[in-house]
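For reference, the structure discussed in these notes is given below.
The values are calculated or read from the model by the stated rules, or taken from the named source; none is laboratory data. As the structure is a prediction and not an experimental result, all values here were calculated from the model. Cβ atoms come from the backbone with ideal geometry, glycine included; neighbour counts cover every protein chain shown. To get the accessible areas, we keep the full protein, side chains included, count just its heavy atoms, and leave off ligands, DNA and RNA. Shrake-Rupley method; radii C 1.70, N 1.55, O 1.52, S 1.80 Å.
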Amino acid sequence: MMPTHSSLKIVLWTILSFCLCILSARAQDSATEGTDFYVTFTSNNGSTTNICQIRYVVATTCRITAQYGDGTYLDNNVQYTPGVYTRDVDKSKCYTTSTTTGASRLMLHITSTQNIGVYALNMYQNTTDATTVLPVATWGTDYTVIGNTGSYNSITVIAPTAGTIFTIRNAAGTAVVSDQATNTSNPVYSYVVSADLTGYTVESNYNVAVFSSCRCGNPVTSGGCDHNYEQIYPTATAGKNFFLWNLSVENTYNAAGNTKDKVVIVALENATTVTKKVGATTSTIPLNRHDTNAFWLDTTVHVNNATTPVMLTSDKPIIVNHLLGYAPTIKWWSSIEQRVTHAVITPFVATGSSYITLHQLDIMIPAGAQPNMIIRETRSGVVTTPTLTFYTNTSNPNYVIASRQYPNTDNVMIELINSAGFIAYMTGYGNAETYIYSAGSGAFNLQNYFTITTKTQPYNDTYYSATDPATHTFAPTDNITVKRTLERAFTSVSWLIHDAVYTGVTENTNINNTLTFPASLFPCGKDSITMRVRYSGAAVDSLYTGYIWIDKPAQASDINVSGVVEVCTGSATTLTVSTTTITNPVFKWYTTQNAAETAFHTGASYTTPALSSSTEFYVSVSGNGICENKPSERKRISITVAPCTMSVPVNPHLRSRVISQ
């Protein structure tokens, strides 16, 4: 941990990716799959008669342990083969029935030996909701909450790390829970209030999980109240670009006039300007910190109808809450920046009876990426690959949307792959029931700032650093601009790169300063810049390290190929690759240029099996300071296989000729 200092100031250090466009940032693998999860179930209007369940999505055989807060087990090192599994939860051990504030150990801790997806269902007739359970690796120390009006609204914090202290503030910034200490005996804390929790914040010294709940959330348009339940994403996952479309219209139980959804925008900074675009109609929404703006999603804003989703573009990060209008449910909506290249998801097929009768999967991808969209559905070990129909987006033709429906008993595991990235949601529909959860997206740290907080004991200095390459990746020709603010008195500040003082920037003793670092200073991959501060009166320096990623991929031209590339049918050949431009090279061999493919061989030489037809291989290289080739830049090696028609024995290796890009 960092040294402790006596101060109530907040230090803001911002790294701005001026040279990158957020809309073109490279999508990433799933952020909602992992090996370590915590979940708690919050008070439902169904009281003690509701049903709580979790659902595992298992892509690779693994062992899962699910342990309650009291030390007993739901699963104790149980092996699960690929598939989807629903488990009934003992509510007495992880369900917060209380409608008052307090601490408990009511939780379930899930660990797995391989990455899995986890979803949670809190079900009762006419008042059901579900959420994506976020892996521990995605947690944060700063949260901005979304909610709904209604009775018994609660913020529940799970703090498994010993010594965790957190503060809950209302939307005006007033502390309603101050410096709340937790312990490993009672790591779950619920704060209950009658007010809408939208804009409330949770700040902690260690990473925590935060759940927002409304026991009986008010309807958006008409009808009765409904349970609202959502694990909240850290504030740093907030984005600037969103598409939203009506989801309630798909529910066949909808009554006339009950089909509008509601959207609530929450600003995180003062002087925020949001541009709203529906088709060709554009308007602007000015907001200050924790201001909200709400509007309706009419039935025409619909994927399978007019395909005119609402597009929101903001000059500063915002949070978007999508409330389904029929049987209201809340959902932290993912920005375009949060799209992923791979994820698994499933309809929540409950054990026993369910009040959900239909599920719908909605997928948004960049236009032109339709041929790359792979959807694999696995049922009882049988894999099918359906084709999706994508609809034109009249608000922005650069993105298209598709949907696919599943009956409530369809126990299917759905794997989604697209190298250009996608956003995916699963919505459940029933009579007076809806819920929605997402797959893969939403949990990446998108913010281009780092925050350091120093407080008096028992706080330690806590440092919130970027964890996401998407917004902190630079090309070698880029400049990295750092804006730092030091409100606490200090005598000196300097910057370290690779543990050495960097003299290429000019520092001062002003509160604010802006500095520029050439990205060419750093090798390929993850690296760091460290700010070294000597606070007034301190005997030692304080160090704060921020992470960046440098993208220096190898090119196909870096790879030389030798070996026989024309052989007789039934013959093998040995291929050898080398490079004169990269030190300590590591070569990987592929059969395609597909980004989702795993290398089948590593090494400078590869001997093929006996070949019966012409084929191609693709080779990549990485080495000192150089990243592996992008899939499209893998070196292509073509091997021609033909019958040998000569009547006397001959060497089947007819000649050596390299065919390359």
Sole miss for Ala595 among (1) modelled with pLDDT under 90; (2) hydrophobic (A, V, I, L, M, F, W, C); (3) outside any loop (DSSP other than H, G, I, E, B) is condition (3)
In segment 631-661, residue most open to solvent (accessible area, probe 1.4 Å) [restricted to those that are under 13 Å from Lys588 (Cβ atoms) and modelled with pLDDT under 90] = Glu633
Can Val136 be described as open to solvent by less than 10 Å² (accessible area, probe 1.4 Å) and either within 20 Å of the chain's Cα centre (by Cα) or modelled with pLDDT of 85 or more (or both)?
-> no
For segment 141-232, which fully contained strands (runs of 3 or more DSSP E) count at least 3 residues that are without any contact (Cβ under 8 Å) to a residue 24 or more places away in the chain?
-> 175-181
Selection from segment 375-402 of residues that are polar (S, T, N, Q) and open to solvent by 30 Å² or more (accessible area, probe 1.4 Å) | Thr378, Ser380, Thr384, Thr385, Thr387, Thr389, Thr392, Thr394, Asn398
Does Tyr119 meet the test of being farther than 30 Å from Ala181 by Cβ, open to solvent by 10 Å² or more (accessible area, probe 1.4 Å) and in a strand (DSSP E or B)?
-> no
State whether the residues of segment 232-243 include one that is within 21 Å of Ser104 (Cα to Cα) and either at pLDDT below 80 or of a type outside the set (D, E, K, R) (or both).
-> yes
Selected residue (only one of Gly440, Gly428, Gly504 is at pLDDT 85 or above and not aromatic (Phe, Trp, Tyr)) | Gly504
Could you list all residues from segment 353-374 that are surrounded by 20 or more Cβ atoms within 10 Å (Cβ to Cβ) and of a type in the set (A, V, I, L, M, F, W, C)?
-> Ile356, Leu361, Ile363, Met364, Ile365
Does segment 244-276 hold any residues that are modelled with pLDDT of 85 or more and of a type in the set (Val, Ile, Thr), and which are they?
-> Val263, Val264, Ile265, Val266, Thr272, Thr273, Val274, Thr275
Here the residues within segment 81-116 that are in a loop (DSSP other than H, G, I, E, B) and modelled with pLDDT under 90 are Thr97, Ser98, Thr99, Thr100, Thr101
All conditions in (1) buried (at least 18 other Cβ atoms within 10 Å of the Cβ); (2) more than 22 Å from Phe211 (Cβ to Cβ); (3) not aliphatic (A, V, I, L, M) are true of Gln79 except (1)
